[in-house]
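These notes concern the structure reproduced below.
What follows draws every value from the coordinates through simple rules; no lab data is involved. In this text the structure is predicted, and so the values were computed from the model without any measurement. Please note: Cβ atoms are built from the backbone with ideal geometry, for glycine as well, and neighbour counts cover all protein chains shown.
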Amino acid sequence: MTSMTTLLECRGLSSGYGQVMVVHDLDLRVDAGEVVALIGPNGAGKTTTLLTLAGEITPSEGEVHLLGAVTTAPMDKRCKQGLGFVTEERSVIMELTTRDNLRLAGVTADDAYELFPALRALHHRKAGLLSGGEQQMLTLARALCRRPKVLLADELSLGLAPLVVARLLEELRRVATERGIGVLLVEQHVRHALDIADRVYVMQRGRITISGTAQEIRGQLTEIEAAYLSSFG
């Protein structure tokens, strides 16, 4: 961890959709240079948490602090302040080439290829013809090359082979450490997430039920998987 500066934090956060509350009284923080994993079964409220932290959903209670200040700004303004958000749906434009997808995101191809050298050979290929792993590399490269201070990443591994997942997460870990980015990662591959995370929050029914270092959570993983993560298999 490169710093103990807290980049993103929420206190007493509750949010949902209309009158239906999904997240309840959430306390969570992400420091500079660390990867924080948010894990839990499907429907636990993980994506709703990310959307609220990003400014897409307005909380009903509590506060979000971005870069040390309370924010109620919408997502576009938070992104301009240094927030990055990779959603579970890949953000690439299928009809554009790899190069044009990078250009559209305002990042240079050389920066992207430094992060993911495998993309260089795909420079002129349309994104729709890339494999799922290649599309996700492109998505992550677009986000990281904007040099966010905080990155929210929702299910990077969705539909990908374990080796590809490991490659993506290892790169995310490296960039977080080297650039001091704070990463909040929602990940269904719990063991992969624990391999790169500094700290972990376990969410169940919209509440944080367990939190600790990755080492502490790994020691309880059998019990956690049995109690909370049965939907992961």
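If both residues of a DSSP beta bridge must be in the chain, then about 55% of such bridges are antiparallel.
Relative to its residue count, segment 1-65 spans a Cα convex hull of 77 Å³ per residue. Taking the Cα atoms of segment 165-233, the ratio Rg/Rh between the radius of gyration and the Kirkwood radius comes to 0.97. Backbone geometry of segment 148-165 corresponds, through the Karplus equation with coefficients 6.51, -1.76 and 1.60 at θ = phi - 60°, to 3J(HN,Hα) couplings of x, 8, 10, 10, 9, 10, 10, 6, 4, 8, 4, x, 9, 5, x, 5, 5, 4 Hz, x marking Gly and Pro. In terms of packing, defined here as the mean over residues of other Cβ atoms within 10 angstrom, the peptides 74-80, 165-171 line up highest first as 165-171, 74-80. The Cβ shell under 15 Å around A44 holds other residues with a net charge of -3, Lys and Arg each +1, Asp and Glu each -1. Put simply, the amide H of D31, placed in the peptide plane, has neighbours under 5 Å in L7, leaving out anything fewer than 5 places away on its chain. Considering only Cα atoms, the convex hull volume of segment 57-132 works out to 123 Å³ per residue. Peptides 114-122, 143-151 ranked from most to least packed give 143-151, 114-122, packing being the mean of other C-beta atoms within 10 angstrom over each peptide's residues.
The packing ranking of peptides 15-22, 45-52, highest mean first, is 45-52, 15-22, where packing means the average number of other beta carbon atoms within 10 angstrom of each residue.
For segment 155-222, the relative contact order works out to 24 percent when only alpha carbon pairs closer than 8 Å and six or more residues apart are counted.
Taking Cβ atoms as reference points and 12 Å as the exclusive limit, the residues near N101 contribute a net charge of +3, counting Lys and Arg as +1 and Asp and Glu as -1. Viscosity 1.567 mPa s, temperature 4 °C: Stokes-Einstein D of segment 106-210 from its Kirkwood Cα radius, in µm² per second? The calculation lands on 89 µm²/s.
Summed over qualifying helices (DSSP H, 4 residues or more, each -39500 (n - 2.57)) and divided by its residue number, the chain shows a 222 nm mean residue ellipticity of -10000 deg cm²/dmol. Over the C-alpha atoms of the chain, the Rg to Rh ratio, Rh being the Kirkwood estimate, stands at 0.96.
Bridge orientation summary for segment 145-233: considering DSSP beta bridges with both residues in this region, about 55 percent are antiparallel.
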